[in-house]
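Structure first, commentary second.
The values are calculated or read from the model by the stated rules, or taken from the named source; none is laboratory data. Everything quoted here is computed from the prediction, not taken from an experiment. Positions of Cβ are backbone-derived with ideal geometry, glycine not excepted, and every protein chain shown enters the neighbour counts.
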Ligand code: NAD
Ligand code: UD1
């Protein structure tokens with residue numbers, strides 16, 4: 001029987017931090033979106049908020065990407081033109097404690113999804129990878145041709161393994177069109193303050209931690225090391241506004257209309273900032289003083305990491321529009337409006 005439902009994009013993990021901002025960007029560009037999420041690290045309230053922002057909520061199926069029967073049903077009942085695969089686990093420390101959970105979700109989950117896609121004849125895939133696959137490169141900035149290194153933890157290795165699965169898959173069948181997007185450090189929130197990052201428990205990442213110190217939920221920031229070979233001794237990263245990141249997904253989808261095989265793009269600003277620069281910028285945006293102390297280096301951390309973002313600029317026509325001030329402004333607005341996330 002022909003399927004007359006409108007074409008849509010399937011976003012696995014579309015209720016999560018980056019997925020929700022990308023869902024909104026796609027809906028605002030006029031596309032239909034179907035979110036598949038097991039809500040293991042997100043809240044259905046994010047989907048209600050998307051409804052508020054976009055004027056209509058995305059279609060939603062609660063379920064797991066490793067559930068083959070469910071995937072078969074999802075592909076059979078919707079006309080899916082491409083898949084954006086955000087679903088996965090992302091906590092580095094947890095991945096050291098529970099490596100099997102990470103390989104199962106991030107690697108087996110990707111395999112399960114690709115099998116269902118091939119069965120349904122859907123061959124366009126955008127995959128959420130990470131700059132962590134480069135390990136600790138000797139030179140900066142990091143270009144896509146920089147060799148992938150040895151990630152320092154099971155989370156990073158699971159992302160690299162999933163990339164390798166996709167590379168072999170794309171080489172095996174010319175119908176596949178895959179975009180591997182290597183995100184640098186996503187921060188910030190939608191400017192409405194209605195959707196944002198909702199870490200469970202004490203945040204591991206710098207920006208949510210700083211925001212909670214500024215908001216009075218945490219006492220002080222521990223700066224992990226001030227003896228790195230960087231201008232002020234603290235770690236340098238390429239922070240990218242989540243709204244710019246979301247736009248990068250739209251551009252990658254457009255590129256897959258004409259590009260075949262596996263394509264890798266860094267999504268970063270090309271600019272690195274140190275921990276202390278981030279702290280000062282957040283103080284300026286929030287008008288709050290942020291107490292901090294210097295603590296020992298965090299095991300597994302690298303000194304510096306920033307992107308050469310020129311490949312995405314040339315090939316996707318994409319570049320970041322939002323700077324540090326907007327990242328901080330929007331992270332602070334989200335913190336003030338939703339001090340307990342979606343809870
Ligand atoms: P997130 O945890 O907010 O979102 C992931 C979503 O996937 C959540 O809604 C979760 O409930 C869902 N999910 C997890 N496992 C699932 C499964 N098996 N089936 C269905 N749904 C499942 O994380 P995020 O920050 O939005 O990250 C999205 C993707 O980007 C992840 O793959 C992550 O590894 C990658 N990434 C994130 C960052 C970052 O700093 N946030 C950096 C680089 C790469
Ligand atoms: C971490 C992960 C990386 C993941 C990325 C997602 C590690 C080792 N790496 O990267 O795999 O893809 O998150 O964004 O965890 N910092 C502090 N105090 C804090 C928190 C962080 O000083 O309380 C410093 C860190 O030492 C680092 C910088 O802030 O220099 C950024 O840290 P974070 O936000 O955790 O990101 P990454 O370490 O780059």
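Every residue, every condition in (1) away from ligand 1 (no atom under 14 Å from the Cβ); (2) under 15 Å from the mean Cα position of the chain (by Cα); (3) in a helix (DSSP H, G or I); (4) surrounded by 15 or more Cβ atoms within 10 Å (Cβ to Cβ), yes or no:
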| residue | (1), (2), (3), (4) |
| --- | --- |
| 132 | no, yes, yes, yes |
| 151 | no, no, no, yes |
| 168 | yes, no, yes, no |
| 186 | no, yes, no, yes |
| 202 | yes, no, no, no |
| 211 | yes, no, yes, yes |
| 233 | yes, no, no, yes |
Among (1) modelled with pLDDT under 95; (2) away from ligand 1 (no atom under 15 Å from the Cβ), the one test that residue 120 misses:
(1)
Name the one entry in 173, 168 that is out of contact with any helix residue (DSSP H, G or I) (no Cβ under 9 Å at 6 or more places or on another chain) and away from ligand 2 (no atom under 16 Å from the Cβ).
168
I need a count of the residues in the stretch 19-49 that are crowded, with 24+ Cβ neighbours inside 10 Å, touching a strand residue (DSSP E or B) at 6+ places or on another chain (Cβ under 7 Å) and closer than 17 Å to residue 199 by Cβ.
2
Scan (1) touching a residue at least 12 places away in the same chain (Cβ under 8 Å); (2) closer than 19 Å to residue 223 by Cβ for the single condition residue 310 breaks and write down its number.
(2)
Would you check which residues across the stretch 131-152 are within 11 Å of ligand 2 (Cβ to nearest atom) and in contact with a strand residue (DSSP E or B) (Cβ under 6 Å, 6 or more places away or on another chain) and list them?
131, 134
Does the stretch 235-251 contain at least one residue that is at pLDDT 95 or above, more than 21 Å from residue 93 (Cα to Cα), away from ligand 1 (no atom under 16 Å from the Cβ) and in a loop (DSSP other than H, G, I, E, B)?
no
Scan the stretch 153-165 residue by residue and report those that are in a helix (DSSP H, G or I) and within 13 Å of ligand 2 (Cβ to nearest atom).
154, 155, 156, 157, 158, 159, 160
Looking at residue 126, is it at pLDDT 95 or above, within 16 Å of ligand 2 (Cβ to nearest atom) and under 30 Å from residue 308 (Cα atoms)?
no
So residue 301 passes all but one of these: (1) closer than 26 Å to residue 156 by Cβ; (2) within 14 Å of ligand 2 (Cβ to nearest atom); (3) at pLDDT 95 or above; (4) assigned to a loop (DSSP other than H, G, I, E, B). Which condition number does it fail?
(3)
